[in-house]
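Reading through the structure tokens given below for one structure.
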Amino acid sequence: MARPIWSGTISFGLVSVPVRMYSATESKEIRFHFLDRRDMAPIGYDKINKETGESVAPDDIIRGFEFAKGRFVELTDEDVDRLDIELTHTIDICDFVSIEEIDPIYFRKGYYLLPQEGAEKPYRLLVKALDETGRVAIAKVVIRNKQHLAAVRPTGDTLVLETMYYADEVRQPEEAPRPQVRPAEVEMAKTLIENLAAKFDPEKYHDRYRNELLELLEKKAEGEPLPEPQAQEGGEVVDLMEALRQSVAATKKRSSRKTSSAKKKKTTARKKTASRKAS
């Protein structure tokens with residue numbers, strides 16, 4: 001496990017649970033560097049004054065907020081210290097809610113919360129209570145001088161804190177077009193959804209674009225021949241009902257194969273169990 005990025009306590013009622021916070025996710029995004037075409041040397045990032053075009057020394061760079069067009073005010077560390085941030089080291093729980101009530105659009109980033117030494121029992125108590133009530137805790141927490149709304153929930157035997165957007169940070173969508181759809185089309189679409197239904201298994205999904213891009217870059221670095229660029233095919237206008245029929249037919253075959261495979265596994269398992277009992 002990596003080093004903790006934050007430590008403090010979970011507080012609800014008169015209960016306090018000391019915890020440490022760890023990043024629960026990491027980006028696998030491929031990052032590129034700017035290079036000089038002439039010698040392939042990396043290009044540095046130079047901070048310049050946008051008015052004069054001159055470079056600015058690190059000691060001369062300050063933080064500022066644009067309160068009106070072209071008018072700025074400086075924000076110093078002393079200004080930050082003046083803020084009322086009593087909850088800097090506390091995950092202060094406001095409510096316990098049902099997770100079904102939270103639209104996933106509100107979630108930002110996940111962190112693991114693990115107990116500090118001596119806090120294992122109250123930590124375990126909170127995990128078990130949340131799990132058995134089916135509730136998640138809605139809390140406020142300050143991380144790196146920014147107050148976040150957050151949800152604390154159990155996953156297995158571990159607590160996960162997911163930072164959330166505030167209501168005024170979630171944009172309202174424009175109203176989508178509402179063309180008429182026939183009942184037969186809806187039923188066909190529902191059949192297609194059921195044929196493709198499965199239990200969620202995150203291990204089965206992979207970033208194909210990233211994997212293929214890495215493979216291409218490795219080949220290019222080794223001087224191996226590269227595949228020819230693929231021509232883009234034009235979009236084809238199809239009959240919606242016919243497309244649904246063909247999709248349902250194709251997924252029905254897949255569904256039947258999965259059912260047959262599952263039955264074979266169950267039969268094999270029963271035979272093995274019977275064989276063990278007999279022996």
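Here are the numbers:
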quantity: Number of positions in the stretch 220-229 that are open to solvent by 100 Å² or more (accessible area, probe 1.4 Å) and in a helix (DSSP H, G or I); calculated: 2
quantity: Ala119 open to solvent by less than 60 Å² (accessible area, probe 1.4 Å), more than 21 Å from the chain's Cα centre (by Cα) and closer than 17 Å to Tyr22 by Cα; calculated: yes
quantity: Residue within the stretch 58-79 that is surrounded by 14 or more Cβ atoms within 10 Å (Cβ to Cβ) and hydrophobic (A, V, I, L, M, F, W, C) present; calculated: no
quantity: Criterion violated by Val97 - all others in (1) open to solvent by less than 50 Å² (accessible area, probe 1.4 Å); (2) at pLDDT below 95 satisfied; calculated: (2)
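The values are calculated or read from the model by the stated rules, or taken from the named source; none is laboratory data. Nothing here was measured: the structure is a model prediction, and the numbers come from that model. Every residue, glycine among them, receives a Cβ derived from its backbone with ideal geometry; neighbour counts consider all protein chains shown. Surface areas here come from the heavy atoms of the whole protein model, side chains and all, with no ligands, DNA or RNA. Shrake-Rupley method; radii C 1.70, N 1.55, O 1.52, S 1.80 Å.
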